[in-house]
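The structure under discussion appears below in the form of structure tokens.
Nothing in this text is a laboratory measurement; each read-out follows from the coordinates by a stated rule. On a predicted model such as this, the values are computed, not experimentally measured, just so you know. A quick note on method: Cβ atoms are made from the backbone with ideal geometry, for glycine too, and the neighbour counts reach across all protein chains shown.
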Amino acid sequence: MDTGVLPDHPLFRDEGMPPPPDRWKGRCDFNQTANRTFVCNNKIIGARSFQVYDNLLQTSSAQPVDEIGHGTHTASTAAGNFVRGANLYNNANGMASGVAPHAHVAIYQVCSLDECSSTDVLAGFDAAVEDGVDVISISMTSLNVGQLFEDSNALAAFSAMQRRIFVVCSAGNSGPSSNSV
């Protein structure tokens, strides 16, 4: 759960990936448009957007495309597929991948450039649990939380953990921050 993903990034190609497991119940909200022809594949098996703009919830036709790169960065670090010939300015040529290159990825866009609304984050948690994920990774921090029982991210993570879903959270990096709404 983050700012979405750039689905046509090489780390999200599905070469060597098996199809999604039979128990997978998620959906893909990437639609073919004039600018993008990407639809989900055997790597990105689900993609949904939960964003509030001007106090109006976007419809299910919203596409979880990453406009700032943070979601793409975190998802590819965790589960990017193998990419041969990766380099930095023609130096350090080799193979790049995320930590778990054979993992399927479901993207839940819950953050914008400015914030991660608690409402959107909770909707993302609920959808991930309902879709049947095994791991939830969130790279955001909660702001202005006095006690753990007042932290909606912590409560949602605990609820997911009770359903045997492993939850990974960052700890105060400079990524998006969640507001209580």
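Assorted remarks:
- The stretch 4-18 - phi-based ³J(HN,Hα) in whole Hz, Karplus 6.51/-1.76/1.60, Gly and Pro as x: x, 7, 8, x, 8, 5, x, 5, 10, 5, 9, 4, x, 8, x
- Nonlocal amide H pairs with ARG27, under 5 Å, H built at 1.01 Å: ALA47
- Residue-span extension gain [GLN147 to ASN90] - 0.36 nm each, minus C-alpha spacing: 15.6 nm
- ASP114-ALA154 FRET efficiency (beta carbon distance; Förster radius 30 Å; 0.05 resolution): 0.85
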